[in-house]
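A quick write-up on the structure given underneath.
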Amino acid sequence: MPSAPAQKPDPRRAATPAAFVAAMRHYRLWAGAPSYLEMEYNCGGVCSASRFRLALNSDRLPRLTVLSAFVVACGGDEAEYQRWASAWRRIRADHRNGPSS
């Protein structure tokens with residue numbers, strides 16, 4: 001099992017959907033690498049283990065509801081969720097409008 005990153009990953013550093021999902025994977029490691037089933041349990045079943053697996057093995061932004069469940073499943077609070085959601089919204093807007101020239 002890989003060791004957890006020393007610093008909490010910062011989603012605000014992500015500029016692309018793929019980088020955002022990579023930050024999510026690092027956050028999961030930082031949180032102690034809970035299994036997908038543990039994550040499902042930790043979020044009260046709001047998101048299934050298989051949905052977490054799909055989201056974290058993708059290069060696409062997850063749905064905001066999946067992101068919310070993910071932060072809770074990794075032990076995050078409301079402030080942590082707002083940090084992730086803010087980065088998610090910025091990346092989504094940037095990529096809906098197309099890359100800058």
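What follows is calculated from the coordinates using simple rules that are stated; it is not laboratory data. These numbers come from a predicted model, not from an experiment. Positions of Cβ are generated from backbone atoms using ideal geometry, with glycine treated the same way; all protein chains shown enter the neighbour counts.
With a cut-off of 13 Å between beta carbons, the residues surrounding Gly75 carry a summed charge of -2, where Lys and Arg count +1 and Asp and Glu -1.
The residues Thr65, Thr16, when put in order of fewest to most other Cβ atoms within 10 Å, stand as Thr65, Thr16. Only the Cβ atoms of Lys and Arg (+1) and of Asp and Glu (-1) were treated as charged; on that basis the dipole of the chain about its Cα centre amounts to roughly 360 debye. The relative contact order of the chain, computed from alpha carbon pairs under 8 Å that lie at least 6 residues apart in sequence, is 30 percent.
Counted by neighbouring Cβ atoms within 10 Å, the residues Met39, Met24 run from fewest to most as Met39, Met24.
The string of couplings for segment 20-31 from the Karplus curve (6.51, -1.76, 1.60, θ = phi - 60°) is 5, 5, 4, 5, 4, 4, 5, 5, 4, 4, 4, 7 Hz, one whole number per residue in order, with x for Gly and Pro.
Normalised by 2.2 N^0.38 Å, where N is the number of residues, the C-alpha radius of gyration of segment 35-94 stands at 1.07. Counting every other Cβ atom within 10 Å of each residue's Cβ, Val21, Val46 order from fewest to most as Val46, Val21.
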